[in-house]
Amino acid sequence: MNGQSGKAALLSLSSIPLIMTLGNSMLIPVLPVIRRELSITPLQTSLLITVYSVMAILLIPLAGYLSDRIGRKKVIVPSLIIAGAGGGLSAAASILMDNPYGMLLAGRILQGIGAAGAAPIVMPLVGDLFDSEKEVSSGLGLIETSNTFGKVLSPILGSLIAWISWYAPFVSIPVFCAVSIVLVAVFVKAPNKKEQPVPFRRFVSELRRLFRKEGRWLYVLFAVGGTAMFILFSFLVWFSDKLEDFYKIKGIWKGFTLAVPLAALCTASFLTGKIIGESKKRMKLLATCGFMLAAASMTANVIADGLVMRLALLSVAGIGIGTALPCLDALITEGIDKNERGTVTSLYNSLRFAGVAAGPPVASLLSGKGNGVMFWTLAGAGLLSGLLTWLFIKPNEEGEKSGSRIVPKGRKVLQ
């Protein structure tokens with residue numbers, strides 16, 4: 001793909017994780033308002049986030065399999081339509097119904113179904129569009145940056161939109177999805193599949209063979225990818241509660257404060273995607289260092305005090321996670337053959353969603369036992385992830401792109 005069309009395609013694809021992140025995360029600062037408006041319990045309110053994540057976790061592997069069989073774009077565009085329809089259903093119910101809670105949940109379920117087939121499929125599509133590993137790494141860095149920028153923007157945008165109306169975030173979702181659909185339809189030219197899809201039984205057999213041969217490093221990548229998101233959402237939920245309960249910071253100022261460590265993460269993701277190039281050894285080293293940096297930050301938070309110190313340390317953790325994620329994305333995308341890439345990366349993204357879903361309740365549970373318990377747990381998770389990355393991912397820098405797999409030490413490349 002040439003320079004201009006490649007840039008246009010990447011920018012169009014980067015709109016998808018941005019919009020999917022906004023569609024979920026910007027509801028978080030609005031949840032207390034929704035609870036008051038609908039007179040529902042905190043558990044009922046939290047289900048508006050939970051059902052979205054659960055549907056995504058369950059359906060991402062299916063979406064990945066379909067993208068391998070029928071094509072990435074044929075999965076992404078309908079999924080964006082479904083996500084937009086889910087937002088539209090929630091918006092219509094909020095405006096027209098006296099008791100819209102049930103329809104809000106139905107709309108969020110639709111959004112989760114759409115999210116499963118949209119953002120996770122972007123990673124393998126970037127791998128398909130470019131032949132150079134350097135271009136793939138840079139592109140994945142931009143995608144991860146877009147995803148993170150959505151997290152930076154979400155608390156700010158959610159707080160601002162809440163001033164208009166409690167249901168305004170739902171109204172915005174179909175608008176965002178429509179923009180992304182147009183960009184993808186116009187600027188993303190998915191490569192034609194030269195081979196016919198293999199029969200299902202053969203596909204499953206080859207996938208099993210892949211995991212038998214390369215499962216050691218794949219399982220590690222799945223685990224540490226989910227752990228990275230678990231650490232991130234755990235400390236964000238803890239910090240959000242502390243800002244209101246302890247530091248008495250609310251509204252738009254709370255949104256801006258929460259955005260600081262996320263902005264650090266976003267910047268680290270962008271720069272990492274630019275510098276890792278084609279070097280898998282560099283990816284491994286930076287991912288390991290990123291986890292260790294996050295672990296050090298969590299350890300220091302055990303004894304830290306004061307808002308400025310907390311904000312600085314959490315920003316350091318954001319830099320660590322922002323450094324690790326693009327490296328993990330590139331390692332798994334460039335280490336898997338195109339025929340299995342969608343399925344394998346979708347499993348990886350399911351684990352990342354699981355980390356997102358597990359972080360908030362675990363943070364609430366552990367913080368009730370004291371800040372030290374939570375931060376020691378997160379520090380241990382970061383340290384373990386760094387060690388696993390360093391010990392079990394053995395980059396193989398030899399060979400052409402098609403055979404340049406990341407394999408466990410002492411094993412042959414799966415052809």
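The values are calculated or read from the model by the stated rules, or taken from the named source; none is laboratory data. No experiment lies behind these values; they were computed from the predicted model shown. Neighbour counts run over all protein chains shown; Cβ positions are idealised from the backbone, glycine included.
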Identify the residue in region 60-77 that is surrounded by fewer than 16 Cβ atoms within 10 Å (Cβ to Cβ) and more than 20 Å from the chain's Cα centre (by Cα) and, among all such residues, is farthest from residue 344 (Cα to Cα).
74
Before we move on, is residue 303 among the β-branched types (Val, Ile, Thr), modelled with pLDDT of 90 or more and closer than 26 Å to residue 376 by Cβ?
yes
Spot the failing condition for residue 49; the list is (1) in a helix (DSSP H, G or I); (2) at pLDDT 85 or above, and only one is missed.
(2)
Tell me, which residue of region 222-266 that is aromatic (Phe, Trp, Tyr) and not in a helix (DSSP H, G or I) is farthest from residue 358 (Cα to Cα)?
247
Answer yes if at least one residue in region 283-305 is in contact (Cβ under 8 Å) with a residue 24 or more places away in the chain, basic (Lys, Arg) and farther than 25 Å from residue 373 by Cα, and no otherwise.
yes
Somewhere in region 71-84, is a residue over 23 Å from residue 276 (Cα atoms), part of a helix (DSSP H, G or I) and touching a Ser or Thr at 6+ places or on another chain (Cβ under 6 Å)?
yes
If you check 265, 313, 293, which single one turns out to be modelled with pLDDT under 95 and out of contact with any Pro (no Cβ under 8 Å at 6 or more places or on another chain)?
265
Conditions (1) under 25 Å from residue 347 (Cβ atoms); (2) within 21 Å of the chain's Cα centre (by Cα); (3) of a type in the set (D, E, K, R): number failed by residue 278
(2)
Single unsatisfied condition, residue 226 versus (1) more than 26 Å from residue 388 (Cβ to Cβ); (2) in contact with a Lys or Arg (Cβ under 6 Å, 6 or more places away or on another chain); (3) not hydroxyl-bearing (Ser, Thr, Tyr):
(1)
With respect to residue 21, is the statement that it is under 23 Å from residue 180 (Cα atoms), in contact with a helix residue (DSSP H, G or I) (Cβ under 7 Å, 6 or more places away or on another chain) and of a type in the set (Val, Ile, Thr) true?
yes
Exactly one of 140, 104, 80 is modelled with pLDDT of 90 or more and either farther than 26 Å from residue 38 by Cβ or touching a Phe, Trp or Tyr at 6+ places or on another chain (Cβ under 6 Å) (or both), and that residue is 80
What are the residues in region 116-137 that are outside any helix (DSSP H, G or I), of a type in the set (Asp, Glu) and either closer than 24 Å to residue 182 by Cα or modelled with pLDDT of 90 or more (or both), if any?
none
Just for region 36-59: of the residues that are buried (at least 19 other Cβ atoms within 10 Å of the Cβ) and among the small types (Gly, Ala, Ser), which one is farthest from residue 170 (Cα to Cα)?
56
In region 367-376, the residues that are free of Cβ contacts under 8 Å to residues at least 12 places away in the same chain and in a helix (DSSP H, G or I)
373
I'd like to check something: does region 32-42 contain any residue that is among the hydrophobic types (A, V, I, L, M, F, W, C) and under 19 Å from the mean Cα position of the chain (by Cα)?
no
Do we have any residue at all in region 183-192 that's under 14 Å from residue 22 (Cα atoms) and surrounded by 21 or more Cβ atoms within 10 Å (Cβ to Cβ)?
no
Looking at this structure, is residue 113 hydrophobic (A, V, I, L, M, F, W, C) and either surrounded by 24 or more Cβ atoms within 10 Å (Cβ to Cβ) or at pLDDT below 85 (or both)?
no
What pairs can you find where one residue is in region 173-202 and farther than 20 Å from residue 108 by Cβ and among the charged types (D, E, K, R), the other is at pLDDT 75 or above and in a helix (DSSP H, G or I), and their Cβ atoms are less than 8 Å apart, with a gap of 6+ or different chains?
189/5; 189/9
Can you say whether residue 192 is in a helix (DSSP H, G or I) and either in contact with a Cys (Cβ under 8 Å, 6 or more places away or on another chain) or at pLDDT below 90 (or both), as far as the supplied structure shows?
no
